[in-house]
1. What number of residues within segment 316-336 satisfy the criterion of being surrounded by fewer than 18 Cβ atoms within 10 Å (Cβ to Cβ), of a type outside the set (D, E, K, R) and modelled with pLDDT of 95 or more?
2. So which residues in segment 228-242 are open to solvent by 20 Å² or more (accessible area, probe 1.4 Å) and in contact with a Ser or Thr (Cβ under 9 Å, 6 or more places away or on another chain), if there are any at all?
3. List, please: which pairs have Cβ atoms under 6 Å, are six or more places apart or on different chains, and start with a residue in segment 217-230 that is among the small types (G, A, S) and end with one that is open to solvent by 10 Å² or more (accessible area, probe 1.4 Å)?
4. Out of K131, K125, I need the residue that is free of Cβ contacts under 8 Å to residues at least 24 places away in the same chain, under 22 Å from A285 (Cα atoms) and crowded, with 16+ Cβ neighbours inside 10 Å. Which one?
5. Checking the conditions here, which among K110, K56 is modelled with pLDDT of 95 or more, part of a loop (DSSP other than H, G, I, E, B) and either out of contact with any Lys or Arg (no Cβ under 8 Å at 6 or more places or on another chain) or surrounded by fewer than 19 Cβ atoms within 10 Å (Cβ to Cβ) (or both)?
6. When residues of segment 134-148 are filtered for being farther than 21 Å from V280 by Cβ and open to solvent by less than 20 Å² (accessible area, probe 1.4 Å), how many remain?
7. Looking only at segment 243-256, how many residues end up being open to solvent by 10 Å² or more (accessible area, probe 1.4 Å) and either small (G, A, S) or closer than 19 Å to K221 by Cβ (or both)?
8. Are any residues in segment 186-201 polar (S, T, N, Q), within 21 Å of N77 (Cβ to Cβ) and either open to solvent by 10 Å² or more (accessible area, probe 1.4 Å) or in contact with a Phe, Trp or Tyr (Cβ under 6 Å, 6 or more places away or on another chain) (or both), and if so, which ones?
Amino acid sequence: MSSRIPVRALATAAALLTSTALLVGCSATPGGDTGGDDNKTIVVSTFPFGVDEFTKAIIDPFEKATGYKVEVDTGSNSERLSKLELNGKRAGADVMLISDYYAALGQSKKLFQKVDDAQLPNLAKIADFAKEKQYDGPAYSFQLNGMLYRTDKLDAATAAKWDTFGDAAYKGKLALPDFSVTAGQLTVSGVAETVGKDPYDVDAAFKTLGEWSPGVLQFYKSSTEVTNLLLQGEIVNAPALSGFATSLVEAGEPIAWTPPATGKFMATNRAMIPANAENVKGAHAFINYLLGAEAQTSSAKIVGDLPVNPEATVPENLKKIVGEAATDPIAAGYKTLDISVIVKNRTEWTDRFAREVASR
């Protein structure tokens, strides 16, 4: 998939040469203008998939509306966060679009700065869950965990029950997400809340998941893995993010998605500003645009992102898959997790999942 190649390095080199020439010809002005207010180029760091769609839905109209030029840098959550940490004072990005866990992990390492609410008029218009104070930047979309299932093998009520994964009738026909993927933590927390005392009761969750493990065909690590297993009829049910269902349902496959009967949790994608971003003003302009109803509507239609702005129009194909949760996930029973608990325990829980669940 194509993306725009960042040219900031070349621009910076040119600027340095120009600056040197000026200094030779005249004395520098103390406290002179750094050019921050006039800098009309920003670098947006985003996910490696859907770049063309994101460009069409957000970047092109943002550039047209504001006069800014956007350079796109892509990579996985972990790759981009590691790059930001290694870059030190040279952030290499002005806005980073990243999933909530990695946003919080970056915050714990002081890699992000808090957004300035005064520069984000559209912040007041988005849902409360999208502006939780535990994050330095707002959510611009969300992902729902639920069950992706074969409609020719299961009905929605059966697919929605967590204990279906322990039913001997479906042994060898089930998949679970590996803990490393977004649905992994959401699934563990869903099971924990259902069989334990709260979403963080991993002792209860890992015990139950470990008992189900012998009947699980595969612990998947990508959307491609789980959708292929379903399409080929090798499995009949798997916890998965709602976005995995969109193309399958539109293609007329005998596959649907349903919320779990209990333990409904969602993840968010956040818009963060690196601590050492070069164009903070431009970063705020981009984030504000991203949160507006027009951009949120366009992103939902073209990219398939679920919008956080209630004024956005949600396309019928998304409503068909997730129902009322597409416009109000909280009213539909979904909750977010306390990300500080996740960051604190993630390494230990990852190791325990491998030992107590996936290896059984």
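1. Final tally of qualifying residues: 4.
2. Scanning segment 228-242 gives no hits.
3. S223/F244
4. Step by step, each of K131, K125 is checked, and only K131 is free of Cβ contacts under 8 Å to residues at least 24 places away in the same chain, under 22 Å from A285 (Cα atoms) and crowded, with 16+ Cβ neighbours inside 10 Å.
5. K110
6. Count: 7.
7. Total satisfying the criteria: 7.
8. Passing the criteria: only S189.
The values are calculated or read from the model by the stated rules, or taken from the named source; none is laboratory data. Computed from a predicted structure; not experimentally measured. Counting neighbours? That spans all protein chains shown, and the Cβs are built from the backbone with ideal geometry, glycine included. Protein only, heavy atoms only, side chains kept; ligands, DNA and RNA dropped before computing areas. Shrake-Rupley method; radii C 1.70, N 1.55, O 1.52, S 1.80 Å.
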